[in-house]
1. Restricted to region 197-213, and to residues that are open to solvent by 30 Å² or more (accessible area, probe 1.4 Å) and outside any strand (DSSP E or B), which residue is modelled with the lowest pLDDT?
2. Give the residues of region 135-156 that are open to solvent by less than 40 Å² (accessible area, probe 1.4 Å) and part of a loop (DSSP other than H, G, I, E, B), sorted by residue number.
3. For region 34-93, give me each residue that is out of contact with any helix residue (DSSP H, G or I) (no Cβ under 8 Å at 6 or more places or on another chain) and of a type in the set (S, T, Y).
4. Within region 13-26, how many residues are within 13 Å of A205 (Cβ to Cβ) and either touching a residue at least 60 places away in the same chain (Cβ under 8 Å) or not in a loop (DSSP other than H, G, I, E, B) (or both)?
5. If you scan region 79-117, which residues turn out to be in a loop (DSSP other than H, G, I, E, B) and aliphatic (A, V, I, L, M)?
6. Output the residue which, of all residues in region 45-68 that are charged (D, E, K, R) and within 14 Å of R13 (Cβ to Cβ), is farthest from the chain's Cα centre (by Cα).
7. Which residues, taken from region 59-83, are polar (S, T, N, Q) and in contact (Cβ under 8 Å) with a residue 24 or more places away in the chain?
8. Count, please, the residues in region 28-54 that happen to be open to solvent by less than 20 Å² (accessible area, probe 1.4 Å) and of a type outside the set (D, E, K, R).
Amino acid sequence: GGAVISLDAVAARHAPLARSKLTLAWGAGVHSIVGTAADGGPLLLAVVAGRERVRSGALRVLGGAPGDASVRPQVALVPRTPPLPEAMRVHEVLDLAATLRGEPSRPAAERLGALGIESLASRAVRTLSHEEAHAVALAEALTSARVRVLLVEEPLVEVDPRAAAHVARLLRARAADGCAVLVATASVRDAGELADDHTLMQMGAVAGQAASLAALGAFTPAGARLRILASDPLALVAAIAREPDVEAVARREGLVVARGKDATTLARAVGRAVIASGVDLIEMRPDSPTLDEARSAVAGRAPS
């Protein structure tokens with residue numbers, strides 16, 4: 001237990017964290033920071049990594065400062081556009097990273113294979129697409145034996161699709177090993193898929209914290225929403241539309257989305273419609289609130 005990362009009234013040198021007083025702590029686990037770059041999530045990762053200077057307040061990572069010689073090799077920052085050395089091949093980049101972290105070198109194909117991208121091992125970095133480079137940087141961070149703090153910006157955005165399929169499982173595996181994983185994302189859905197708890201940022205300040213997205217979603221002004229995957233969406237939409245407890249129903253990307261005042265009443269109404277229409281129900285799950293809804297939810301929430 002205990003905090004692996006702790007901030008006490010921290011402000012950074014640049015906006016949007018220049019006037020902040022962030023007091024936060026994270027231990028082992030996968031934690032999300034939800035917001036856009038303008039809200040300060042990516043900058044906060046850079047501060048924790050020691051890439052951006054703290055202007056005031058106290059920051060401790062693994063018991064020291066992020067710049068300490070003993071701490072730095074144990075921290076991995078994976079920004080959306082990772083700065084990989086252009087002149088090297090991918091396997092050389094992984095060997096160099098292992099040397100800098102003070103860990104034994106391992107076969108590149110084995111490390112890249114964890115994300116399904118072993119075919120990139122002999123490629124020159126300058127020939128990689130943006131998505132491939134992002135995946136290589138993720139593979140280095142996720143498969144390093146030394147890394148105890150993993151800071152990842154938008155791990156499911158602009159990344160090689162082969163890698164995207166493995167990211168959530170690998171982040172959880174690292175967290176189970178005792179790593180503190182911080183994910184900065186503007187997608188409430190990605191946060192829900194990847195992390196165990198959520199810190200909502202707005203313009204450099206913490207707008208709210210929740211143990212689950214359901215906890216945020218419960219306060220959304222739009223009420224509860226369900227996403228339903230069924231064998232015949234059209235027939236289901238028609239049946240749901242006849243349910244008085246459903247406020248709105250729509251088709252979206254092959255899914256049916258229904259909205260109602262609360263989740264339990266809504267689920268019962270949808271259940272009745274499924275039976276009435278005779279369609280096969282493939283999946284039904286709560287729809288994640290949008291970033292704006294999550295914010296208004298937190299703003300309208302009674303202080304805990």
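The values are calculated or read from the model by the stated rules, or taken from the named source; none is laboratory data. Remember, it's a predicted structure, so these values are computed and weren't measured experimentally. Note that each Cβ is placed from the backbone with ideal geometry, even for glycine, and that neighbours are counted across all protein chains shown. When the accessible area is computed, the model is the full protein with side chains, heavy atoms only, and any ligands, DNA or RNA have been set aside. Shrake-Rupley method; radii C 1.70, N 1.55, O 1.52, S 1.80 Å.
1. Residues of region 197-213 open to solvent by 30 Å² or more (accessible area, probe 1.4 Å): 197, 202-203, 205-207, 209, 211-212.
If we keep only those that are outside any strand (DSSP E or B) too, we end up with 203, 211-212.
Numbers: M203: 88, A211: 78, S212: 73.
Among those that are open to solvent by 30 Å² or more (accessible area, probe 1.4 Å) and outside any strand (DSSP E or B), it is S212.
2. S144, V147, E154, P155
3. S56, S70
4. Total satisfying the criteria: 9.
5. Keep residues of region 79-117 that are in a loop (DSSP other than H, G, I, E, B), which gives 79-88, 102-107, 114-117.
Across region 79-117, the qualifying residues are L84, A87, M88, A114, L115, I117.
6. Per the criteria, the residue is R55.
7. The initial filter retains those residues of region 59-83 that are polar (S, T, N, Q), namely 70, 74, 81.
Those that are polar (S, T, N, Q) and in contact (Cβ under 8 Å) with a residue 24 or more places away in the chain: Q74, T81.
8. Of the residues in region 28-54, the ones open to solvent by less than 20 Å² (accessible area, probe 1.4 Å) are 29-35, 39-41, 44-49.
Then drop every residue that is not of a type outside the set (D, E, K, R), which leaves 29-35, 40-41, 44-49.
Selection size over region 28-54: 15.
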